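The values are calculated or read from the model by the stated rules, or taken from the named source; none is laboratory data. Just so you know, these numbers come straight off a predicted model, no measurement behind them. Cβ placement follows ideal geometry from the backbone for every residue including glycine, while neighbour counts extend to all protein chains displayed.
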Amino acid sequence: MSTAVPTQFTWKGKTVPYIAPWTGEIREQPRLERRPLHKGGGIAYVDEHRLYDRHAGILWQRMGAVRGAGTPILAGVNSRRQRQAMDRQLCQVCGVTTYGRADGRHLYLLAEQKGRPIVEGEQTASPPIHQACAAEALRDCPHLHEGAVAALVERPEPWGVAGMLHDPASLAPRPSAQRGGLTFLPYTSLRLLWTVAHLDVVSLHGCTSVNLDELLALTA
């Protein structure tokens, strides 16, 4: 559990979210090849680095970790920090732990154009968020202006990843119809062998809906 307070960056008067990537962090993605069966099969990078390119045996998108380098990409996500935020329950905006509430729960804020509430077992790639940071995000984040829902969650549990699936024959990307072209896959899926993970995904349990107007009023 992290207690350190990360450096807070701003851009044009707005807070740059902790999980947002910067242009100086973008890396050219290496060429893919088939991995021999005796090494697990599926796909691998031609110059794969064992300690950095895989997590829990899954191939991950390459991304630097130099916050503040270049220009922020506010609509993007740094894969490494997103995974760290999910693993450690860090706020997606400020990067500080979301542990510490008296009720032991964590606040989650998700984009939802139709206003559908967060349901039991919901899968999400959005890390938790502090109440004050949620109010800031609702004000500044364009995709949340199209609709958002929030819930207090008792147990966020590891579920899988969202990644770019590749064709086993040609190794060509197979984008999904979901946002960003990513496919959500549980850890039990054999298709993970042919996937480059971009985002960590958890399932949410013990969910209690939060009224956004009340949340904004509490932070006014």
State the number of residues belonging to segment 1-45 that are touching a residue at least 24 places away in the same chain (Cβ under 8 Å), within 15 Å of Gln61 (Cα to Cα) and basic (Lys, Arg).
1
Counted residues in segment 181-205 being part of a strand (DSSP E or B) and surrounded by 14 or more Cβ atoms within 10 Å (Cβ to Cβ) come to 14
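Within segment 25-54, track down each residue that is part of a helix (DSSP H, G or I) and surrounded by 13 or more Cβ atoms within 10 Å (Cβ to Cβ).
In the first step, residues of segment 25-54 are kept if they are part of a helix (DSSP H, G or I); the result is 25, 37-39, 50-53.
Across segment 25-54, the qualifying residues are Glu25, Asp53.
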Checked segment 167-187 for anything closer than 27 Å to Ile118 by Cα, in contact (Cβ under 8 Å) with a residue 24 or more places away in the chain and not hydrophobic (A, V, I, L, M, F, W, C); matches are Pro186, Tyr187
Just for segment 107-132: of the residues that are among the hydrophobic types (A, V, I, L, M, F, W, C) and under 16 Å from the mean Cα position of the chain (by Cα), which one is nearest to Arg81 (Cα to Cα)?
Ala125
One residue is enough: does segment 161-178 have a residue meeting the conditions at pLDDT below 95 and either among the hydrophobic types (A, V, I, L, M, F, W, C) or touching a helix residue (DSSP H, G or I) at 6+ places or on another chain (Cβ under 6 Å) (or both)?
yes
Any residue in segment 146-164 that is surrounded by fewer than 20 Cβ atoms within 10 Å (Cβ to Cβ) and not in a strand (DSSP E or B)?
yes
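From the list Leu107, Leu51, Leu37, Leu74, which one is at pLDDT below 95 and in contact with a strand residue (DSSP E or B) (Cβ under 9 Å, 6 or more places away or on another chain)? Steps first, please.
On the way: Leu107 fails: at pLDDT below 95; Leu51 fails: in contact with a strand residue (DSSP E or B) (Cβ under 9 Å, 6 or more places away or on another chain); Leu37 fails: in contact with a strand residue (DSSP E or B) (Cβ under 9 Å, 6 or more places away or on another chain).
None of the others qualify; the one that does is Leu74.
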State whether one or more residues within segment 71-79 are touching a Leu at 6+ places or on another chain (Cβ under 8 Å) and not acidic (Asp, Glu).
yes
Matching entry among Ala69, Ala75, Ala20 (being part of a loop (DSSP other than H, G, I, E, B), in contact with a helix residue (DSSP H, G or I) (Cβ under 8 Å, 6 or more places away or on another chain), surrounded by 12 or more Cβ atoms within 10 Å (Cβ to Cβ) and of a type outside the set (Asp, Glu))
Ala69
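Is it the case that some residue within segment 60-69 is among the β-branched types (Val, Ile, Thr) and in contact (Cβ under 8 Å) with a residue 60 or more places away in the chain? Explain how you work it out, then say what you get.
From segment 60-69, those among the β-branched types (Val, Ile, Thr) are 66; that's our starting set.
Subset that is in contact (Cβ under 8 Å) with a residue 60 or more places away in the chain: none.
Looking through segment 60-69, none of the residues is among the β-branched types (Val, Ile, Thr) and in contact (Cβ under 8 Å) with a residue 60 or more places away in the chain.
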